[in-house]
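This report concerns only the one structure given below.
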Amino acid sequence: MNLRKRTKGSVEVHTSALNDIMFFLMLFFLLASAVVNPTVVKLLLPQSSSGQQSTAKKAVTVTIDENLKYFVEKKPVSIEELEPTLASYRKLAPDMTILLYVSRNVTYQDGFVVNDIANKLKLKLVVAVEPKK
């Protein structure tokens, strides 16, 4: 009498439940990376002991890097195009705030060019700094 099974069973790993988990992890990391202020060119900012985060609702970022290149919302612009570009943003939102990111190696005069334009267009200007450690 032979009581053994004639066919052997196969072993399977069901991964359909893991697909849902991987999808949610991917979605989480995509959303988290989008929240990390994507409109900033990487710079070493000056430090301030009283620096606070700006909570401006309608803001445009203007960045001046160490090579004196100007960026508006990560798009390079020349110094001559800066005022018309900011004026076009002002038409969209009259109560807009300019967030100014200036590299540590840039002189005050180059930063005040943007300040003069903001005053001319009657816009608020906030200078970004890093808190002192």
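The values are calculated or read from the model by the stated rules, or taken from the named source; none is laboratory data. Model, not experiment: these values are computed from the prediction. Virtual Cβ from ideal backbone geometry, glycine too; neighbours counted across all protein chains shown.
List of remarks:
- Among the residues examined, residue 20 does not qualify as touching a strand residue (DSSP E or B) at 6+ places or on another chain (Cβ under 8 Å), at pLDDT below 85 and either of a type in the set (Lys, Arg) or outside any loop (DSSP other than H, G, I, E, B) (or both).
- Taken together, the residues in the stretch 108-133 that are over 19 Å from residue 80 (Cβ atoms) and either in a loop (DSSP other than H, G, I, E, B) or of a type in the set (Lys, Arg) (or both) amount to 6.
- First in the stretch 78-104 and over 18 Å from residue 64 (Cβ atoms), second anywhere and assigned to a strand (DSSP E or B) and not hydroxyl-bearing (Ser, Thr, Tyr), Cβ under 7 Å, 6 or more apart: 96/59; 96/60
- Against the list (1) of a type in the set (A, V, I, L, M, F, W, C); (2) touching a strand residue (DSSP E or B) at 6+ places or on another chain (Cβ under 8 Å); (3) farther than 23 Å from residue 129 by Cβ, the condition residue 87 fails is (2).
- Of the residues in the stretch 108-118, at least one is touching a strand residue (DSSP E or B) at 6+ places or on another chain (Cβ under 7 Å) and at pLDDT below 85.
- Checklist (1) at pLDDT 85 or above; (2) part of a loop (DSSP other than H, G, I, E, B) applied to residue 45, failing item: (1)
- Within the stretch 73-107, the set of residues being among the polar types (S, T, N, Q), at pLDDT 90 or above and surrounded by 12 or more Cβ atoms within 10 Å (Cβ to Cβ) comprises just one member, 85.
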